[in-house]
Each structure stands twice: as structure tokens, then as C-alpha cells.
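The values are calculated or read from the model by the stated rules, or taken from the named source; none is laboratory data. The structure presented is a predicted model; accordingly, all values stated were derived computationally and were not measured. Virtual Cβ from ideal backbone geometry, glycine too; neighbours counted across all protein chains shown. All accessible areas refer to the heavy atoms of the entire protein, side chains included, with ligands and DNA or RNA removed. Shrake-Rupley method; radii C 1.70, N 1.55, O 1.52, S 1.80 Å.
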Amino acid sequence: MTAESLEAAIQRAGSPVELLRNSMALPYTFPVKPEFSNWRIEQQAWRETCALLDQSHHMADLFLSGPGALELLSKVAVNSFSTFRPEMAKQLVATSNDGYVIGDGILFYLEPERFDFVGAHPAIVDWLQFNLETGEYDATFERDENSLDRVGPPKLYRYELQGPTAAALMEDVTRAPLPEVRFFHMTRFRIAGHEVRALRHGMAGQPGFELFGPWEEGEEVLEDLLQVGTAHGLVQAGAKAYSSANLESGWVPSPLPAIFSGDAMQAFREWRSAARAGSLGGSMDSEDIRDYYLSPYDLGYGHIVAFDHDFIGRAALEEMRVRHHREKVTLVWDRDDVLAAMATFLDSGVPAKYIDWPKSRYSLFQSDKVLHGGRLVGISMDCGYVYNDRAMISLASIESELAEKGTEVVVLWGEEPNSSKPQVERHRQVRIRAKVAPAPFAELARSGYRTASARDLAGRDGDVSP
């Protein structure tokens with residue numbers, strides 16, 4: 001029996017919104033241990049000492065090889081590749097023909113004519129594979145799914161070290177001074193007798209490294225990191241803490257991909273399985289799926305868009321860049337309103353939609369209305385609790401005139417009417433006041449740690465500020 005395509009499922013449901021709003025797909029979960037200690041201590045670690053986050057299982061790798069691989073990437077991505085060289089990486093952003101975001105991920109330039117694209121969201125990985133299969137590119141691919149979809153272990157282990165003591169820890173575990181490594185550049189270390197590739201990176205608003213290598217060597221590398229890390233306050237972070245790390249660094253992990261409408265995307269929808277569609281949740285209730293889409297400018301990716309090459313969506317983005325657009329911000333939810341919503345679970349009657357901690361996302365594509373003066377001014381997409389700041393926050397894209405720090409808006413929390421998603425209990429909508437704050441929310445991520453090299457950071461005796 002042939003699996004139903006995404007296009008067929010949309011036609012059956014009557015519209016993309018109807019399909020996604022009542023989808024049985026569960027929100028994404030990280031297939032790693034939920035907590036090693038508890039998520040509060042684990043969140044604290046990346047701000048105060050160092051956290052180890054296991055990235056080996058929740059993302060898919062798409063290995064691209066051949067002389068046409070770079071041509072494919074350049075055609076699909078809004079990024080410039082003019083200075084891209086081996087031992088570098090970049091955040092690749094792809095858009096539809098209409099200029100709206102399909103997704104993003106990290107592209108590693110491993111060696112000449114060989115790349116590894118790593119993405120947490122399947123839509124962007126599928127989009128790259130589809131364009132390679134249907135285009136005329138002199139390139140091949142190998143796909144390694146995440147551990148929820150794969151049988152057997154991954155090809156690579158991938159460990160993230162983040163926090164003020166990460167640089168000193170790396171010097172101890174490698175028994176050598178850190179080399180000069182710029183942000184999003186790669187180097188190689190020896191740990192536990194194995195060669196380890198490392199990307200100078202930052203995930204939770206702190207500087208650090210992403211370490212990767214063959215899966216078979218991962219356990220020995222991990223053991224050495226944990227043993228040496230004891231003296232540096234190293235804490236393993238589980239799925240609960242890891243899922244909330246993006247809130248501090250300002251990265252929106254799951255904006256609704258702009259694949260569900262438009263003639264130009266129909267072939268992709270016919271190619272893609274309906275089982276990978278995901279689910280749509282939140283108070284946004286427009287019946288037009290295009291109202292949920294976001295441009296690179298809406299998500300703070302305007303600086304990534306480069307018009308030095310031809311790419312899918314270029315014409316639309318050339319027009320879009322001179323238009324008025326929304327701006328990515330952090331919304332700090334009002335303490336009293338959050339407590340009042342949670343208190344409804346201790347009262348009789350219909351409660352508010354449950355607010356989970358540390359991450360409160362009950363669909364893959366969370367889309368809640370942001371209101372100002374009763375008027376829709378944006379979308380809140382990812383929400384959760386940050387123990388380091390004792391704050392409930394969300395990442396949102398709102399009208400730029402309202403993006404000034406301290407502006408008060410309202411997040412409409414909950415669905416009305418309640419959808420039939422299994423993770424949605426009977427509830428009532430509530431209004432939660434919120435104040436606009438910068439994105440990233442973490443001060444260090446905003447103050448420019450990306451400009452410092454790894455060697456600079458190692459020489460500061462724990463002070464990682466630029």
C-alpha cells in the first residue's frame with residue numbers, strides 16, 4: 001500500500017490548516033534521557049559552569065558529496081557561499097519561491113566536495129533531498145535519520161559543550177592550549193586517543209564547542225569529557241533542559257515551513273509523506289495557512305540573505321526586503337497572569353491550557369496570537385521557563401513599531417475551539433500580558449561573544465565576555 005502524500009492529505013482534509021490543527025502527530029521530543037540531575041540545575045550549568053548536551057539523536061544528517069553539491073546548496077539557500085571553505089560551517093536558511101522560510105540547519109563544509117547538513121526539522125532536510133533527486137546535480141547523498149526514525153545507532157556522535165568553563169575544560173581534556181578558532185570555524189582535537197572534529201559554536205547564549213566523530217568512538221570520548229569535566233563543574237543536560245536552551249539564545253526551532261500552499265511547492269508536497277506533516281497548535285485561528293508563514297526578515301535572518309547568487313525565492317525576497325516587516329523579539333510573560341493561569345488547575349471548572357515547564361509547546365508548530373490594543377500584531381512561537389532568569393518567556397515575531405524593549409503586549413494562550421489533537425485537553429483561552437525584550441534574551445549572546453576566538457576565551461580565566 002502506497003503511503004499518503006502530503007498533497008493528498010491536504011485535499012482529503014479540505015485545507016492545510018484543518019489537516020495540521022487536528023493532526024495526531026505529537027510535539028517533538030528529544031530522544032535522550034529527560035534529566036540527569038534536574039532541569040533547573042542543568043539550565044544553570046550553561047550560564048555558570050559548563051553543560052554537556054548530547055546532540056547525537058534528535059537531528060538528521062544529510063551527507064552531500066560530489067562536484068555539484070555546492071551548486072545544489074547555493075540554489076536552495078539564501079546564504080552567500082562566496083567565502084565558504086572547508087573547515088567552516090554556516091546556518092543555512094531555505095525559502096519557498098514566495099520568499100517564506102522552509103527551515104534552517106547547520107551546514108558543515110567537511111572537505112572539498114563533501115558536506116554534512118544537520119537539521120532538527122525534517123522539512124528542510126526533505127527539501128534538500130527533494131531538490132537533489134529532482135534536479136540535475138552531479139552529487140550524491142547519504143541520509144542518517146534521527147534516532148526516533150532510524151534503526152540502529154547514528155553514524156556520528158555529537159556533543160555540545162556550553163558555558164563559561166568550556167574553554168578551560170577543553171584545554172584540560174586535550175592537554176594542550178586551545179588553537180585560534182573563530183566562531184563557526186572548525187578544528188581538530190585528540191580526546192581519549194581519538195581525533196575529534198570541533199565546531200566553535202554557541203547554543204545557550206554561551207560560547208562552546210560542538211564535538212563530533214564516528215559513533216563507535218563516542219562513548220570513550222564522553223567518558224573522558226565527564227571525568228575531566230568534574231573539576232570544571234560539568235553537568236550533563238537532559239532532554240528537558242536542552243529543549244529550552246533556544247529560548248535564551250533566541251533561535252526559533254520550528255517556524256511553520258512554507259510548503260503547504262502554492263503551485264510551485266505542489267511537486268514537493270506530492271513527493272513528501274503526509275506522516276511527516278507535523279501539527280499546528282495555538283490561538284492563531286486563520287484559515288489561510290499563509291498567515292502562519294514567516295520571512296527571513298521576520299525571524300531576524302535578514303543579514304543572512306545574500307543577493308550575490310540565484311536561489312529559490314530570490315525575486316520575492318528582493319521585493320520583500322524593502323517592505324515593512326515584523327521583528328523577532330523575546331516576550332517576558334507577566335508573573336501574575338502566568339500564576340493565575342496555572343491556578344485554574346486547582347479550581348473547579350474549565351482550566352486554562354496547561355503550561356508545562358521548562359518547555360510548553362503542545363504542537364510542532366506553536367502559533368499563538370500576540371495582541372496590542374486588541375489587534376493582532378504578531379505570532380508567539382516557542383515558550384518556556386528560564387530558571388536562570390526566573391522568567392516565563394516566548395520567542396515571537398511582531399510588528400517592528402512595537403519591538404521596543406518594555407512595550408506591553410498580550411499573548412492569547414490556548415485554542416478556541418479546542419482541537420482534536422491528543423495533547424489538547426478541554427480548556428479555555430486566557431490572556432497573558434507580556435513585555436517585549438531583546439532576542440537573544442541572554443546578555444552574553446547579544447554582546448558579541450561570536451567575535452571572540454576560542455583562544456581568546458581560554459585566556460580570560462572564566463570571564464567570557466568580549
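Some points to look at:
- Amide H to amide H distances under 5 Å link G103 with A94, where only residues 5 or more positions off or on other chains count and H is placed in the peptide plane.
- Here the relative contact order of the range 112-264, from alpha carbon pairs under 8 Å that lie six or more residues apart, stands at 21 percent.
- Among (i) 86, 61, 55; (ii) 84, 46, 46; (iii) 60, 54, 47, the entry derived from the coordinates for Cα extents along the principal axes in Å: (iii)
- Loop sites in the range 293-375: chymotrypsin sites (Phe, Trp or Tyr not before Pro), DSSP, at most 15 other Cβ within 10 Å: F307
- The relative contact order of the chain comes to 22 percent, based on Cα pairs under 8 Å that sit 6 or more residues apart.
- Whole-percent P(r), the range 1-144, all Cα pairs, 5 Å bins from 0: 2, 8, 14, 16, 16, 14, 13, 10, 6, 2, 0.
- What separates the Cα centres of the range 233-257 and the range 47-125 is a distance of 18 Å.
- Model label sites at N97 and F307, defined 7 Å from Cα along the beta-carbon direction, differ in position by 2.1 nm.
- Accessible-area composition of the range 358-422, carbon plus sulfur, in percent [1.4 Å probe]: 46 percent
- Cut-off under 5 Å, modelled amide H: who pairs with L376 long-range: none
- Rounded to the nearest Hz, the phi-derived 3J(HN,Hα) couplings of the range 351-357 under the Karplus curve 6.51 cos²θ - 1.76 cosθ + 1.60 (θ = phi - 60°) are x, 5, 4, 4, 10, 7, 10, where x marks glycine and proline.
- Annotation: amide H-H contacts under 5 Å for V196 (H modelled 1.01 Å from N, sequence separation of 5 or more, or interchain): F189, R190, I191.
- Kirkwood hydrodynamic radius of the range 140-289, from the reciprocal of the average inverse Cα-Cα distance over all distinct pairs: 18.5 Å.
- A 1.4 Å probe run over the protein chains yields, for the chain, 41 Å² of accessible area per residue, whole-number rounding.
- With only the Cα atoms considered, the range 292-388 has a convex hull volume of 151 Å³ per residue.
- Farthest toward positive dipole pole in the chain [+1 Lys/Arg, -1 Asp/Glu at C-beta], among S286, L178, A231: S286
- Estimated from helical segments only, the mean residue ellipticity of the chain at 222 nm is -6500 deg cm²/dmol, where each DSSP H run of four or more residues counts as -39500 (n - 2.57).
- Cleavage-rule hits (GluC sites (Glu not before Pro)) in the range 368-405: DSSP loop, at most 16 neighbouring Cβ within 10 angstrom: E404
- The range 367-437: radius of gyration and largest Cα-Cα distance (Dmax), Å: 13.0, 38
- J(HN,Hα) series, the range 55-68, from Karplus relation 6.51 cos²θ - 1.76 cosθ + 1.60, nearest Hz, glycine and proline x: 9, 5, 10, 9, 10, 9, 9, 10, 8, 10, 9, x, x, x
- For the listed residue pairs K359/K421; K90/K421; K328/K359; K33/K435; K240/K353; K90/K369, the alpha carbons are over 27 angstrom apart in K90/K421; K33/K435; K90/K369.
- Calculated from backbone phi, Karplus (6.51, -1.76, 1.60) coupling profile of the range 272-287 in Hz, x at Gly/Pro: 8, 6, 5, 5, 9, 5, x, 9, 10, x, x, 7, 4, 10, 5, 7
- Taking all protein chains as they are arranged and a probe of 1.4 Å, the heavy atoms of L346 leave approximately 150 Å² accessible to solvent.
- For the chain, leaving out every one of the trypsin sites (Lys or Arg not before Pro) that falls in a DSSP loop and has at most 12 other Cβ atoms within 10 Å, the longest unbroken run is 1-174.
- Portion, in percent, of the accessible area of the range 203-296 that falls on carbon or sulfur, probe 1.4 Å: 48 percent
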